[in-house]
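Values quoted throughout were computed directly from the atomic coordinates according to the rules given, and no laboratory measurement underlies them. All figures in this text were calculated on a predicted structure; none of them were measured in a lab. Using ideal geometry, Cβ is built from the backbone for each residue, glycine included, and neighbour counts are taken over all protein chains shown.
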2 protein chains.
Amino acid sequence: MPTLLLGKPVTDAIAADLRGRVEALAERGVAPTLAIVRVGERPDDMSYERTALKRAESLGIAVRRIVLSADVSQAGLMDAISQVNADESIHGCLMFRPLPAHLDEQAACDALDPRKDVDGAGLGSLARVFSGRGEGFAPCTATACLEMLDHYGTEIAGKRAAVVGRSLVIGRPVAMLLMERNATVTLCHSRTDDVAAAIRDADIVVLATGRARAYGAKCFRTGQTVLDVGINFDAAGVMCGDADFDAACDMLGEEGAITPVPRGIGGVTTSVLMKHVVEAAEATV
Amino acid sequence: MPTLLLGKPVTDAIAADLRGRVEALAERGVAPTLAIVRVGERPDDMSYERTALKRAESLGIAVRRIVLSADVSQAGLMDAISQVNADESIHGCLMFRPLPAHLDEQAACDALDPRKDVDGAGLGSLARVFSGRGEGFAPCTATACLEMLDHYGTEIAGKRAAVVGRSLVIGRPVAMLLMERNATVTLCHSRTDDVAAAIRDADIVVLATGRARAYGAKCFRTGQTVLDVGINFDAAGVMCGDADFDAACDMLGEEGAITPVPRGIGGVTTSVLMKHVVEAAEATV
C-alpha cells in the first residue's frame, strides 16, 4: 500500500502558519479580507462558498460576499470588479466560475487587479506563472499540488513529472510551478499518443483531466507519487478522482504515494486561497 | 544523411506571401512600419539591424531606427517606448537586448504596447503565448521553429517533442506553441537528469541552450527532426549550433531531419519578425 497523501495535515500546517501571520497583520491594524463574487445560486458555488467562509472564519480572515443575480449584465459584473479593485480594505477576490453563458468570463477575470487575483484567474497572474515576473498568483489548485509535495517531503528538483491535462486552471500552471522547482515536466493532454507510457515514465504524476477513474494499472509503476486533482462523480454518484485508485495503489507499492479523492488535494486548495489572501494583505503593509 | 532543413526556402516562401500582403496594405494606404530601438553600438545589434533593414527593404516594409546613447537614462528609454506606442504610423517595434546593465530591461519590454510587440518581449505577449488569450506575439525564434516544421511538412500533432532550454525568448514559448499544435512536450533544462534520454525519446527536438556542440550521438536516434536554435562560436571562432552536427547526422539517418547552423533557423527568425509587422499592420485596418 502506498503512502496516502492526506490533505488534512497539510491544511493544519498551513493554518498554523497563517494564524500567526494574521495576528501579526492585526497588530498592524490590517484585517485580511477576501471578497467572493458569486453570480446566481449554482449549488457548487454555494457549497464552496460555505467551505471558504468556515475556513476563513477559523483563521480570522474576513469575507465580503458580493452576490449578483444570475441575469446580471456584463457592465454590472465589471462594475462589481471595479469596486473590488478600488476598495483598499479588500485584499483578495475569488470569483466563482463558470459564469453564466451570457457573460464574458475572461474579460471579467482580466479586469481584476492582479494583486487581488488570489485564484490566479486573470492574464496578469497567468503571465506571472509563465514568466516569473509581474504580479499575481498561481491558481490555487496548482499551488496546492506543490504544498502537498513539500509537506510530505517529496523531492521535486531533477525529477520527471507528467502533468495530464492542459487547462489554465491547473494543468499548464502546475507544469510551470514544477518546472520552476527544477522538475523536468511533460505536459500530456487528450491528443497525447500513449499517455499511459508518458505517465509511467514520470516520478511525479499530476492527473487533472476530470475523467472519472480513467487512469488505471497500466499508467502506474512502483514508487511514483500521484497527485489526483480530479473531482468526479461516478455513475453511482460516488465521488472519485481521475485515477482508478485501487488499481493505482496496487501498482505504486510501498514506496509510492497517492492523494485520495476525497480527502486529498481538494481541501488544500481552500487553504492556499486563504494563504494567498494573507500574502496579498502582507504586500499592502 | 538526414534531410537538411534549410532556412532559405522557408524565408522565400514567407517573403512571397508577405509581398502580396504588403501590396494589399499599400492599396489601403498603409505602409507597414517597424521601429527598431537600439541602445548604444553593440556589434551584434548593429549586425542584426543591417540584416533586418535589408530584409525589410526587400519586402516593402519601412523601418524607423531609434538610436539611443549607451548611457541613456531609464526615463529616456521609457519615453522612446511611449512615443512608439503613441505613433500610429509604427506597427511593430523590436528593441535589441540585452540592454546595458543600468537599465531595467523588463520594465522597458513590458511598457511596449502588446499589439506592437512583434518580438514577444513583454508580459502581455508572454501571457498570450501561455494562455492563448489577450494580445501580443510569440517571440520570433519560437515562431520560426513552427514555420520551419510547417514548411517541411513535419507532423506535430500527437508527436513527442523535447525542448531543451527554458528561456522566455525561446524554450518556454516554443514549448507552448508546440503544445497548442497538440504535441506532447517535455521541457528540459540544466537540472534535467539524463537529458540525452529525454531528447532520444522525442520525435521533434528543439535545442536552445546556447552550448556549442553540446548534444552528441547519445542524444539522437533514427528518424528524429532536430531544430537547432543555438548560435554559438567554438574555440576556433567557427559558428556552430547546440548539436554536434556530424554526430547528429550519423544517428538521425535517412528518415531524420536537422537544421544546420548557420543556414537554418536564424534567417527564418528575421522573416517571422517581418511577418509579425505585417500582421500588426493588418490588425489596424
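Taking the label point 7 Å along Cα→Cβ, B:A235 and its counterparts in the other copies are spaced 6.8 nm apart, in ascending order. Which FRET efficiency value, to the nearest 0.05, is calculated for B:M46 and B:D246 with the Förster distance at 22 angstrom and r the Cβ-Cβ distance? Taking R0 as 22 Å, the efficiency between B:M46 and B:D246 is 0.10. Net charge in the neighbourhood of A:P139 (other residues with Cβ under 10 Å of its Cβ; Lys, Arg +1, Asp, Glu -1) is -1. Fewest-first ordering of A:T11, B:T141 by other beta carbons within 10 Å of each residue's beta carbon gives A:T11, B:T141. Taking every DSSP beta bridge with both residues inside region B:181-285, roughly what % is antiparallel (nearest 5)? Approximately 20 percent, going by the DSSP bridge assignments. Residues B:S131, A:S190, A:S125, arranged from fewest to most other Cβ atoms within 10 angstrom of their Cβ, appear as A:S190, B:S131, A:S125. This ranking places B:F130, B:F245 by how few other beta-carbon atoms lie within 10 Å of each, fewest first, which gives B:F245, B:F130. Taking the DSSP bridge list for chain B and keeping only pairs wholly inside it, about 5 percent are antiparallel. With each label modelled as a point 7 angstrom along the Cα→C-beta vector, the B:D150-B:E255 pair spans 2.7 nm. Gyration tensor analysis over the Cα atoms of region B:82-144 returns equivalent ellipsoid semi-axes of 18, 15, 11 Å (largest first, whole Å). Please find the FRET efficiency linking B:A236 to A:E282, where r is the Cβ-Cβ separation and R0 is fixed at 56 Å, and quote it to the nearest 0.05. The value I calculate is 0.55. Overall form of the protein assembly as shown: oblate. Here a/c, set by the Cα gyration tensor axes a ≥ b ≥ c, is 1.5 or more, and a/b is not larger than b/c. Just how many pairs of Lys in the protein assembly as shown have C-alpha atoms closer than 26 Å, counting pairs that are eight or more places apart or on different chains? For the protein assembly as shown, qualifying lysine pairs total 17.
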